[in-house]
Structure formats: structure tokens, C-alpha cells
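The values are calculated or read from the model by the stated rules, or taken from the named source; none is laboratory data. Quantities reported herein were computed from a predicted structural model and do not represent experimental measurements. FYI the Cβ positions are ideal-geometry reconstructions off the backbone, even for glycines, and counts take in every protein chain you see. Heads up: the accessible areas ignore ligands, DNA and RNA and are worked out on the full protein's heavy atoms, side chains in. Shrake-Rupley method; radii C 1.70, N 1.55, O 1.52, S 1.80 Å.
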Amino acid sequence: MPQGNEASANAIDDVIAEAVRELDLAAKVQLLTGAAAFSLHGNEALGLRPMIFSDGPTGVRGSEFVGGKKVALFPNATLLAQAWDEVAAEGVGEMLAGEGHAQNVDVVLGPTVNLHRSPLGGRLFEAYAEDPMLSGRLAAAYIRGVQRYGVGACVKHYVANESETQRRTVNARVSEAALRELYLLPFEICVADSHPWTIMAAYNDVNGVAATEHDDLNNGVLKSEWGWDGLLMSDWGATKSAAPAANGGLDLVMPGPRGPWGDQLVAAVRSGDVAEATIDDHLARLLRLAGRVGALGGIAAEATAELGSVVAADSTAMKLSLRNLASAGMVLLKGQDVLPLQDSEITDDSPLVLIGRHALETTLQGGGSASVRPPHQISIAEGLTEAIGEGRVRALDGVAVRHNPTAAAPESIIDPQTGRPGMRVTSFDSSGVEQASTTSEVAELLLGLSSGPHQGASVLELSAELVAAPGTQMLVGVRGVGEWTLSYGDETYAFATTLLPGDSREVGFMVPPSWNHVVETAPGRILVARLVISERIALAGLVVQPVPTPDEQLIAEAERAASDAEPAIVVVGLTAEQETEAIDKRTLALPGRQDDLVRAVAAAARRTVVVINSATPVLMPWLEEVDAVLCVGLPGQEGGHAVADALLGKVEPTGRLVTTFPGADGDGPAWNVTPQDGTLDYAEGTRVGYRGWYGSDVEPAFWFGAGLGWGVWDYRSAKPERSNDGESLTVVLANTADRPSREVVQVYWQPEGSAPVRLVGYAIADEMLPGEERIVAVACDPRAFRLWDEAASGWTMPPGGTFLVARGLGDIRLELPRA
């Protein structure tokens, strides 16, 4: 039965009152900075246990940034959003709450509700959409699911953190109207509809003031205007000051134990720069969070439902759920008459030809803090082979897609001491004395954001025996920034790896540089790499992989195979080098020679299906040369199975795009992500994404909201209605195809005057049979009708304008006046 009740709330208030009364200033302030990278201080006198946070939102990684526990890897947020399904989003939250309970995690650091302002944004894969209302409603559903079981959610990053370039120092210059109508709106919806227990303040400045110090946004809007009583924490290392941040509404500095508060904040209170009542408010919010998650002794967590048995990350139930979530968001952009593939087309004599590096090494997650260590990762080649049989799939490698190689797969190396898969890690202190020696299944180690016996070391040594047969040419090397020595047999190399100019220090461990060299394997030889530690947070990893085949040879092999194929499937996409925290993209073009590969296959094959393995827009210069295009996002640990289901027609790819796909680099209302003199000007104002594309002279490749599926839709009529519950439309819809299908009915509003068009409502018509007609009710969100009046500094609700009932703004079916 539900645990949260008025008695619990009263008990929390009693603890808060006791803490304010009994704790001295230093003890209060200590609680307001983390104890470690992902944990907080406890206090026995208050019955407060240390709370544990974990990165999200595509899995509950736990407290280890690299090499931690194996946990479920969910489809990325953009792929989930493409289902436009709030019920599914809430279910994802519930599943993540179970993952959190399994690891004793109190707060999951997600969802991310920053908008897809520019398609170059590196971290877009972690956020939902370019539309604020859709983002906010999906995030609110996710939060309800997480918090239902007593685990806190953390909405991030507040606010105007839409890109990664110079993210720690950039000043986002945003008009008040754009802030209110776009960038604040998802947070406002979350606060109103699901009451998140925590929110994370961003790294950047907003209109000249650090987000962690922004009194107007933190105290004025979030805590006062919206009446939010939760805890505002900093992004990791984002806090720049003591008194300005404390007065500006920040409640908690992360990570710990070091930070700009501590003694400096105590001194600021004693000097009168910060009132102790301000400290008490921060403390109250921290303890309120503790009570809600069950971290205050004797007070039950504020759960509204009992969590059953936790579903394991590799259980049948979890696999099926993740598989279905992934396929539901996949978007068919072209080839409704080509897909699904027919079983009669695929035989032992005429197998399915599958081509591309992404087919064999499917990108299942993005890079940075959202990445997790899953129990398994199903590639598209593996998924299709399992679905139709090994003899009926011919999988070929594709061109190179990465600039820097990934860390060695565990099965490619052996710990020289244990003989088990993985590597040996030995650390030394500043005197050269061995500090620790351990085995690691993962061929990377991170110092500074993880625990373990190697923390604080001055030198790391990574060693491994190569599994490849003697005489094999192998590419070996290292990942990570610093001064290195690498040896294999009699060969020794000394070198340094560095960041590119302008890269932030996070790039060094999120998208690390590498160095590699070709060696010939020989019995008894050990690969040994030594790194002199120069950064507080440092990543060290081994690279071991076969020497890559030249692109020209791979393209020629693909072309020959495609000439006999009916059809050929080419899988292209991005990797965690582009879909990542810490850096932005420079182009939407596919990396390497993937475009050449598609064109070669399309010229040779009778039919060509392109599968795009990316979370965000890519350019498709070959679009008119291929027969079908399926966008599959970053589909999580069961990705290969989900893609196979969509290609073979076991499920319908029912997704609709949640961001506009430009046809060329530079197109669109907001492109630039590079600050000028430290400032990134959101000069497009409120015309972001489809709002700026609509009515412009440039047509995108694919509109926000686009997607085919199996249905053919006749929008027969629509009627607007008003009631005490607000505005809605009833839409008469028919599926005229010969297959059952699911439709997402989208309603946009074009205001009178110069304000841009915006999405105001959507509804799902599930499983409509061939020939079926249905009345679909679309409730409009009243917050989407508001316009911000900068002169009056307030909202207006103008009447009139036009409703557009559409399948994306490139396919408007009905227009009707709004009263």
C-alpha cells in the first residue's frame, strides 16, 4: 500500500526544525556539499543516512563512472520520445526506479529536458525533443514513474544548456520570451505535473549570471513563482562561488568533498554576506529530499505504490520491455511499400545482405555521464541472424566510422596474472611504491570520479596478454590524456596524448584521445602501458583490435555482395564520438565514407534499405537513390532485436520525429553552437526548430512529427471544442491501408500576428484496423497557447489563430479557425 502520507510529512518537518535548532553552522554547511562523487554526508544525530545519487537517464549506472555493475541499458531519450507516448514514458520511470532500488540509489539524475535547439548539439541524444510541451509532458510522466516507488528524479539542466561547446563558461544570451515560452516551459510542466524532488542547475551563465547563482530564475521563478519545494543541486563542478550561489538559490554543491562552500560559506554567513536563514532553507530542502527517499530514520519513503520484485537487467521480462520500447520509437521515413521485408525474399540461396560497421558494432548508447555497462549488447547483425537463421544473413563490415578506437573488448585480452579475460591494473604512489594491483574485466579505468584502491595514484600501469593467434597483425594502443609509455616485447614507445584546443577537461575522459600502433602477436609477450597521472580526473585504457581493412576494399566487397541481393540493407550512423556529452558536432554529415558506401550499394542492388543508427539528424545526400530509410536511434541493449522486429514486420515502426532534419549543413533557424567572445546568442528568439522552419524559404529534409508506419490516413474532419477542462479537437480519422496501424494525431496552433506556430496537443490512435474509422479526441495543453509579453513581463492568452491538424508540419491535413 502507498507509504507517503501526512504523518510522514509532519515527521520530516520535525526533523527539519530540530536540525535548524540544534546543528551549528559548520554542521549545517557540511551537509550542503557532497561527501564524494555521487554520495552525500549523513548525520547520526538527525538519523540521516548518506544519500546516493546515480547518473541517468538511460540506465541507473551507480556510483562507478567506468567499470561498475552491469545494469539495464534503455533506448535513448530521443528514441523513446519518438513514440509520443506518455504511458510508456511513465513505465520507463517505473523500471528505472526498480534499477535504482537494486543499487540502493536514492536519486536518478534524469530526465534531461533541454531542447534540441541546434542539431549540432552533442548531448541531444539525452534530451527528448525540440518542442518544449512534448519534452515537458514526457519528462513529467517519467518523473511520476520514478518517484512512485520512492526514488527521486532530477530534472536537468536548468536552464538554457542546449549545447556543449565551452559549456562551463558560456553565457547563453536568451530573450525573456524565448526563456519563458521555450526553455523554461519543460521545467515548468515537470514542476506542475509531477513535482520532481530535485532539479540540477546547469554549468552555463544565463544572460550574464551563472545558472547556479541566478536569483531571478532560481528563487524568483522556480521556488517562488512556481512554488517548488524541492532541492536544487549543481551540475558536477558547476558551482563557482560561495555567497552568490547560496544567495542565488542553489541548495547543494556536487560533487564532494571539495567545493567552493565549506569554510568559505561559513565565513560568508559570519560576515553577513549570507543570512543563516538562507542556509536553513537549503538544509530544509535537503532534509525534505531525505525524508522523501527514506533516508531519515523512522520515516518511510514518500512512495505511492509498493515496488514488487526488481526485474534483473538480463531477465526475459526486461529484455522484452526494452525491445518493445526501442521498436515503438523507430521512424520509417521512406519505403512504406518496401518494408517490412518479406520472408519469401530471404532464402539460403539468396540470403539477406547486411552491410556496415554499424550492423556489426551497433551504436546502442551515447557517450558521457549517461553511458552504462549493460549485461549484453545485441547488434543488428546478431538480431537479424537470430530472427531468420544464420544461413540466411550475410553480414559484411563497412567503412571506418570512428576517429579514435574504442577500448579493448574483454575477450580480446587476458590478465597475465589470473588468465581471465580483462587486464591487470597496477598503481604506484609518488615515490614509485606499488599502491595496488587488481584485475579488471573492463579495459579502462577512471580516477577521480570512482572509488577503489587506485585512487590518488601517481602512475598507472595497464598490462594484458593478447588473445589473437601468434603472427596476427593487431592494432594496439592507449586511450586517455597524458604522458605514456607503451611496450610490447622488445618494442617500446614514449608519447603524449593531448586534447584539442578549446576542449574542456571532460573530453579527456568522455571522448578521450588515443594513440595506436600495429604489432605482430607472439607467444609470451605482454602489452604494458604506463601513464603518469597529471589530472585529478584521468582515464586510462588499452586499445587492442584487428588492423582495419581499407575502406576502398570494403566498399568494393559491399558493391559485389549487393549486386546479388534482394534487397541489401546498409546500416550507417553516428557513434559516441558525436552523440556525447562534452563536445558538439561540427557537421551533420555521416562520419568517414559512409555516404560513398550507401551510394555504391544503391547503384548495385535491386533494392536498398538504409537503417540510420543515430539519435539525431544526419544528412542523406543519397536519399533519392535508395528505396527505404528507417531511423532506429540508439536502441539500447536489445537494439539488434528491436531493429530486426521492425525490418521483418513483427512490429510496426510507429515513431514520429521529435526534431527537424535539415537537408544541408547550416540550414535551419538555429545552427551555431560556438560562442563568440564567451557568449552564445540565441538570436532566433522563439523561432526554434519547426517554429522557425515553418514559413521559411528553406524546406527541411524531414519535418518534426514526420513518420510513415504501415497506415495510409484519411483525415476526414475536425471540430474544435471548449469546456471547463479547456480546448480540444475531435478528429475523424480513417485507416485506408490494408494493414493495421497506429497514428499520432498532431494539432498545431498558428497564432494571429507574428508569433510562430507551435504544437498544442497530440493523441495516439492505437491499432486501427484496415478500413476502420475512429473519432480521436485531442486535448490541447493550455500552457502552449500562452505568449510572453516582454513589455508587461507577463503572460497573455490571445484568442483566434488557426488550428493545423497534421502528420508533421510537412503534411498538414486540416486547417480550421480557433475561436
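Annotations for the structure displayed:
- Scanning the range 270-301 for residues that are under 21 Å from residue 235 (Cα atoms), more than 31 Å from the chain's Cα centre (by Cα) and open to solvent by 30 Å² or more (accessible area, probe 1.4 Å) returns 278, 281.
- Conditions (1) under 18 Å from the mean Cα position of the chain (by Cα); (2) closer than 21 Å to residue 333 by Cα; number of the one not met by residue 581: (2)
- Residue 97 vs. criteria outside any loop (DSSP other than H, G, I, E, B), under 28 Å from residue 250 (Cα atoms) and at pLDDT 95 or above: yes
- Any hit, the range 211-223, residues being more than 22 Å from the chain's Cα centre (by Cα), part of a loop (DSSP other than H, G, I, E, B) and more than 21 Å from residue 63 (Cα to Cα): yes
- Selection status of residue 601, in a strand (DSSP E or B) and in contact with a strand residue (DSSP E or B) (Cβ under 6 Å, 6 or more places away or on another chain): no
- Screening 130, 164, 188 for residues that are assigned to a helix (DSSP H, G or I), of a type in the set (Asp, Glu) and in contact (Cβ under 8 Å) with a residue 12 or more places away in the chain leaves exactly one candidate, 188.
- The residues of the range 381-420 that are more than 21 Å from residue 591 (Cβ to Cβ) and in contact with a Gly (Cβ under 6 Å, 6 or more places away or on another chain), listed by number, are 382, 383, 410, 415.
Residue-wise test of (1) among the polar types (S, T, N, Q); (2) out of contact with any Cys (no Cβ under 7 Å at 6 or more places or on another chain); (3) part of a loop (DSSP other than H, G, I, E, B); (4) open to solvent by 40 Å² or more (accessible area, probe 1.4 Å).
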site: 470; (1), (2), (3), (4): no, yes, yes, yes
site: 476; (1), (2), (3), (4): no, yes, no, no
site: 486; (1), (2), (3), (4): no, yes, no, no
site: 492; (1), (2), (3), (4): yes, yes, no, yes
site: 495; (1), (2), (3), (4): no, yes, no, no
site: 500; (1), (2), (3), (4): no, yes, yes, yes
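- Condition check for residue 730: in a strand (DSSP E or B), farther than 16 Å from residue 132 by Cα, among the hydroxyl-bearing types (Ser, Thr, Tyr) and out of contact with any helix residue (DSSP H, G or I) (no Cβ under 8 Å at 6 or more places or on another chain): yes
- Answer from 290, 359, 326, 317 - the residue that is in contact with a strand residue (DSSP E or B) (Cβ under 9 Å, 6 or more places away or on another chain), part of a helix (DSSP H, G or I) and more than 27 Å from residue 604 (Cβ to Cβ): 290
- With respect to the conditions (1) open to solvent by 10 Å² or more (accessible area, probe 1.4 Å); (2) free of Cβ contacts under 8 Å to residues at least 60 places away in the same chain; (3) on the phi > 0 side of the Ramachandran plot, residue 89 falls short on a single one, namely (3).
- Given (1) open to solvent by less than 10 Å² (accessible area, probe 1.4 Å); (2) under 19 Å from residue 121 (Cα atoms); (3) of a type outside the set (D, E, K, R), index of the condition residue 166 fails: (1)
- Taken together, the criteria place residue 344 among residues that are free of Cβ contacts under 8 Å to residues at least 24 places away in the same chain, surrounded by fewer than 24 Cβ atoms within 10 Å (Cβ to Cβ) and of a type in the set (Gly, Ala, Ser).
- Single unsatisfied condition, residue 720 versus (1) part of a strand (DSSP E or B); (2) crowded, with 22+ Cβ neighbours inside 10 Å; (3) not hydroxyl-bearing (Ser, Thr, Tyr): (2)
- Within the range 630-652, if we keep just the residues that are under 21 Å from the mean Cα position of the chain (by Cα) and assigned to a loop (DSSP other than H, G, I, E, B), the residue that is surrounded by the most Cβ atoms within 10 Å (Cβ to Cβ) turns out to be 635.
- Comparison of 758, 774, 687 shows that the only residue that is open to solvent by less than 30 Å² (accessible area, probe 1.4 Å) and at pLDDT 95 or above is 758.
- Failed condition for residue 758, given (1) more than 16 Å from residue 812 (Cβ to Cβ); (2) in contact with a helix residue (DSSP H, G or I) (Cβ under 8 Å, 6 or more places away or on another chain); (3) among the basic types (Lys, Arg): (1)
- Flag for residue 710 being closer than 26 Å to residue 128 by Cα, of a type in the set (Phe, Trp, Tyr), more than 27 Å from the chain's Cα centre (by Cα) and surrounded by 17 or more Cβ atoms within 10 Å (Cβ to Cβ): yes
- If you check 725, 714, 645 for being at pLDDT below 95, farther than 25 Å from residue 599 by Cα and of a type in the set (D, E, K, R), only one passes: 725.
- Filter result for residue 579 (touching a residue at least 40 places away in the same chain (Cβ under 8 Å), open to solvent by 10 Å² or more (accessible area, probe 1.4 Å) and among the acidic types (Asp, Glu)): no
- Of all residues in the range 522-566, those satisfying the criterion of being of a type in the set (D, E, K, R), farther than 19 Å from residue 456 by Cβ, open to solvent by 50 Å² or more (accessible area, probe 1.4 Å) and assigned to a loop (DSSP other than H, G, I, E, B) are 525, 564.
- Apart from one condition, residue 424 fits all of (1) in a strand (DSSP E or B); (2) of a type in the set (D, E, K, R); (3) touching a residue at least 60 places away in the same chain (Cβ under 8 Å); the exception is (3).
- Residue tally, condition more than 18 Å from residue 518 (Cβ to Cβ) and in contact with a helix residue (DSSP H, G or I) (Cβ under 6 Å, 6 or more places away or on another chain), over the range 458-484: 1
- Only one of 480, 452, 422, 456 that is within 29 Å of the chain's Cα centre (by Cα) and open to solvent by 40 Å² or more (accessible area, probe 1.4 Å): 452
- Residue satisfying condition, being buried (at least 24 other Cβ atoms within 10 Å of the Cβ), among the basic types (Lys, Arg) and under 20 Å from residue 97 (Cβ atoms), within set 49, 61: 61
- Per-region count, the range 232-269, residues closer than 28 Å to residue 47 by Cβ, assigned to a helix (DSSP H, G or I) and open to solvent by 10 Å² or more (accessible area, probe 1.4 Å): 4
- Selection within the range 1-55 - part of a strand (DSSP E or B) and under 16 Å from residue 106 (Cα atoms): 39, 48, 52, 53, 54, 55
- Residue within the range 655-677 that is open to solvent by less than 10 Å² (accessible area, probe 1.4 Å), out of contact with any Ser or Thr (no Cβ under 7 Å at 6 or more places or on another chain) and more than 23 Å from residue 178 (Cα to Cα) present: yes
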